[in-house]
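Before any comments, here is the structure.
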Amino acid sequence: MNKPVRICSNNKINYDIEMYIKPEEIYVPLENKNGITYKHLVKEGDYIYKGQVVAVNEKIDFPIHSSVSGYAAFGSTKLIGNGKKIKCVVVKNDFKEKYEKSKLKKKEISTYSKEEFIEALRKNGISGLGGSDFPTFIKYNTENIKCLLVNAVECEPFISCDKAVIHNYSENILETVDNIMEIMKIPKAYIVMKEINEDSIKNINKYIGTYPNIKVSLVKDAYPNGWERLVVKNVLGIEYVNYPSEKGIIVSNLSTIYSIYEMLEYNRPLTERVITITGPGIKKQRNVKVKIGALASEVISGLEGYKNIKNPLFIAGGPMMGNSLPTDEVIITKDINCLLVIEDHFEKNLPCIKCGKCMEVCPVNIYPVLIMENRDNIKKLKDLKPEKCIECGLCSFICPSKIEVREFVRIAKEKVNNK
Amino acid sequence: MKKFSTREGNFMKSKNSTSNMMYTVLVVLVPFIIFGTFKNGIFPAVKGYGDLYTVFKPLLYIIIPALVCLLVEYLYYLIKKDKKTIYQLFGEHYAIIPGVFLGLITSINTPEWFLIVGAVIASLSKVLLGGLGKNKLNPALVGALFITVIFSSEIGGYLNPYEDNVIRDLIKIDAISSATPLSNMTAEGYLVTYDNLVAPFGTLWTFFFGKIPGAIGETCSFLCIIALIYLIYAKVIKWRIPVSYLLSVAVISLIICLTKDIGLWFVLFNLLSGGLLFGATFMATDPVTSPMSREGQVIGGIFLGIVTMAIRYLTKLPEGVLISILIYNVVTIFINYLTVKLYSKKTVRITLVVITSILCLLSSFVIGKNIITKEPDDTYKITSKETVGNNTVYEVSGRGYAGNNSIKLKIIFTGNDVTNIEVLKSYETYTGRIYEEEYLDKIIDNQDNLDNLDTISGCTVTSKAIKEIVEKTKQDYNK
């Protein structure tokens, strides 16, 4: 397997978390970034409590909750992270933060059974906050779990929300991991971090002494070390075919663990998350706790707004895998972990000189240059297996001719998948 | 709400760029150019073999083809109605690089206009095959091949007219060196002895520091090794190709050493001569014309080693590097085709690497078959001897460049002296030079002191053979 690549961002950011939890209105998009549609359960003009289910993925009965209380409205479309305009349910915030009565009762953590816990994960809409938006309850619904890996690697440059969470809430994280281990009967857990995050390691080490079954595992500062497969491989030395659950391993993002903490502690559905707002084009670069469904434009204007830079690009996600969006009116959904405004140092493409650097960095060992070359030849494409691509963007990063290699691979991937 | 422009792709780019790679190569070439200027220009001038033009000739030989290549590409794009500025051609199409390389790998006594034609061919072979990134053959090598093949009869080896003397001054031995060490060996019928291959030029250190005849910039192995290490360290070139190339050459010569009972100097001789290190560092690693996958690079490198050694020791062509790299460029197309086919078959790929390695081992027995370690038996023969009055007429035959009995001479003695030499029959390629240089007359003039008579550079073997035949006939006559 190819070695991960060190990427320097030279971006220093304060790990304090700033609250921005008073949006004028929140938007619940009826489709997520993976194209899964949600059905709305409310009507125009309904009063919606905080934590009430607004829409549901009917196939797996997975809800989205309102993160504020207020009246519902319909008919507006807004951008989501993948750049598509999606129909939304709008909830106009009345700033009363009214909970449904039933939500106020808290269940004792020690009384949870495994089934109850998984049901709670589903009911509270906990999903992977690392960017996958994969429902967590499906992940945890496996037998014989031997190991829980908490993925706090966050290998993309600029993104620091997990680091901020671990910096501020390390005690709560450890406590939650311990609770999950108890409920799910998992014998051991690892918190996986980059070895350069010394502050976070110090914070974790302060509390970890009381949890003998939780260990800290450090990985190198390289991209894409935060990729699930590499996390499992680096920590346990295990490789799997499709999902880590095959080998009895669960990999959870750190922010997801924190949302489980909030769920267990306050019986609160997933309505808030920490995101990183950063980049040279932002005046005040911060990690911000926001209501899920808030508009990015509102949050950023609350943070003193933009700096003037040449050719700014607005990116939802990190600089490697994110999408550049035409406006900042984008809904902060569960899968957005970073908003980045950077200068577009787009350089002119030169012809490919077939140096093969992309083949040397590709973490899944495909041949991006050959896929690009044979993009019109479907037979050859099938031999080259572009469907293995995880779209990490390293090929575009490393290319000395500044060719957007990944986009070609992505097109090839679609071609092969559709045939 | 604020509007932003959008684009596809990722938004962070590494610092490496094609321009950086190309400029790094150009900067790395500067010491070679300096070395070439010193060896082929300043040194002979200091020793008194040339004038001011000699000093700048090597430099001109690098600048001229570079400018010609730039001009050809400029005109090509102008004709295609896709006009590009000179800066674009320099900074985006790297038009001068083939020219610079061409200058470094041609001989200093190539006539200027051959060089210009070669540069035109080199540049055309690049742009006509699709321009940067699409050419299948290394442009500089195509140009060099054109020069050496088409004009081979007129170039007359790699040796400077003065280099002969320079080397003798340098190492203070009396042996007469002709063309490059390797053509020496081929000329002597694959005679591999230390005295034949290395001693005329000094020691292997002379080879290492490049004080041997050869192209302008490629002889200094010391610089090549430093450049190779630096370029690999800077990740400009793929390390697998040069390493497997050099290793396979080393392994093949080692096996030949062991089977033919030759000293280990032979391994170093093969690595240090014939511009092998220069080719391995700069030519075989040209990104566009070399295999892309790792296994492909290893296979390509081993293949190069086999072909280079085969050309050196199985054919009449002395210098194998140039042609073997061009053959390898063609094979690369096939290797890259296989790379696609065998993407998901790792075992097949590994097997291919193993097979090529075994082939490399086996090929050494074939390659070594022509090599001899002792001088061939003398085929000198007196076919007739008549005495008419004062004159004694000998008809003798002997071994020349082309093989046994390739030279037939009629030598007439009057009294104690040779008075006439006539070439009755000659299968030699360069017999013409013998007449041009009036060599036969020179032999007659110097007949008492033949050891000190210089051979003709460019047809050394023939002239030496004639000299020896006369010497032997004289011995017979004096008996």
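When the test is whether a residue is within 14 Å of chain A (Cβ to nearest Cβ) and either at pLDDT 90 or above or within 30 Å of A:C392 (Cα to Cα) (or both), B:K3 passes it. Against the conditions (1) surrounded by 24 or more Cβ atoms within 10 Å (Cβ to Cβ); (2) in contact with a Gly (Cβ under 9 Å, 6 or more places away or on another chain), B:D286 satisfies every one except (2). Filtering A:I315, A:I390 for residues that are under 19 Å from the mean Cα position of the chain (by Cα) and either at the interface with another protein chain (Cβ under 7 Å from one of its Cβ atoms) or buried (at least 23 other Cβ atoms within 10 Å of the Cβ) (or both) leaves a single hit, A:I315. For the condition more than 27 Å from the chain's Cα centre (by Cα) and touching a residue at least 24 places away in the same chain (Cβ under 8 Å), A:R375 qualifies. When restricted to residues that are touching a residue at least 24 places away in the same chain (Cβ under 8 Å), of a type outside the set (A, V, I, L, M, F, W, C) and out of contact with any Leu (no Cβ under 7 Å at 6 or more places or on another chain), the stretch B:124-137 contains 4. Screening the stretch B:118-230 for helices (runs of 4 or more DSSP H) wholly inside it with 3 or more residues that are crowded, with 16+ Cβ neighbours inside 10 Å and either in contact with a strand residue (DSSP E or B) (Cβ under 7 Å, 6 or more places away or on another chain) or at pLDDT 75 or above (or both) returns the ranges B:139-150, B:204-208. Taking the stretch B:364-479 as the region of interest, the strands (runs of 3 or more DSSP E) fully inside it that hold 1 or more residues being among the basic types (K, R) and in contact with a strand residue (DSSP E or B) (Cβ under 7 Å, 6 or more places away or on another chain) are B:381-388, B:407-414, B:417-426. Going by the structure shown, is A:V177 over 27 Å from B:S14 (Cβ atoms) and assigned to a strand (DSSP E or B)? The answer is no for A:V177. Being over 21 Å from A:K22 (Cα atoms) and touching a strand residue (DSSP E or B) at 6+ places or on another chain (Cβ under 7 Å) is the filter here, so list the residues in the stretch A:82-122 that pass it. Selection gives A:N82, A:G83, A:K85, A:I86, A:K87, A:R122. Counting just the residues of the stretch A:324-347 that are in a loop (DSSP other than H, G, I, E, B) and either facing chain B (nearest Cβ under 8 Å) or touching a Cys at 6+ places or on another chain (Cβ under 9 Å) (or both), which one comes out surrounded by the most Cβ atoms within 10 Å (Cβ to Cβ)? Once the filter is applied, the top-ranked residue is A:N337. Look at (1) part of a strand (DSSP E or B); (2) within 10 Å of chain B (Cβ to nearest Cβ) and you find that A:I250 fails only one, number (2). Being surrounded by fewer than 20 Cβ atoms within 10 Å (Cβ to Cβ), assigned to a helix (DSSP H, G or I) and facing another protein chain (nearest Cβ under 9 Å) is a property that holds for A:K380.
Kindly establish whether A:N365 is surrounded by fewer than 20 Cβ atoms within 10 Å (Cβ to Cβ) and free of Cβ contacts under 8 Å to residues at least 12 places away in the same chain. In short, no.
Within the stretch B:236-293, count every residue that is among the hydrophobic types (A, V, I, L, M, F, W, C), in contact with an Asp or Glu (Cβ under 9 Å, 6 or more places away or on another chain) and assigned to a loop (DSSP other than H, G, I, E, B). Adding up the residues that qualify gives 1. In this structure, is A:M359 facing another protein chain (nearest Cβ under 10 Å), assigned to a loop (DSSP other than H, G, I, E, B) and within 30 Å of A:S252 (Cα to Cα)? When the stated conditions are applied, A:M359 does not pass them. Of the residues making up the stretch B:15-41, those that are at pLDDT below 85 and either farther than 30 Å from B:V236 by Cα or within 14 Å of chain A (Cβ to nearest Cβ) (or both) are B:K15, B:N16, B:G41. Of all residues in the stretch A:396-419, those that are more than 9 Å from every other protein chain (Cβ to nearest Cβ) and closer than 23 Å to A:I378 by Cβ have Cβ atoms under 8 Å from Cβ atoms of residues that are basic (K, R) and assigned to a helix (DSSP H, G or I), 6 or more apart or on another chain, in A:V416/A:K382; A:K419/A:K382. Checked across the stretch A:274-283, the condition of being part of a helix (DSSP H, G or I) and touching a strand residue (DSSP E or B) at 6+ places or on another chain (Cβ under 6 Å) holds for no residue.
Against the numbered list (1) buried (at least 17 other Cβ atoms within 10 Å of the Cβ); (2) part of a loop (DSSP other than H, G, I, E, B); (3) of a type in the set (A, V, I, L, M), A:I309 comes up short only at (1).
The values are calculated or read from the model by the stated rules, or taken from the named source; none is laboratory data. All figures in this text were calculated on a predicted structure; none of them were measured in a lab. Every residue, glycine among them, receives a Cβ derived from its backbone with ideal geometry; neighbour counts consider all protein chains shown.
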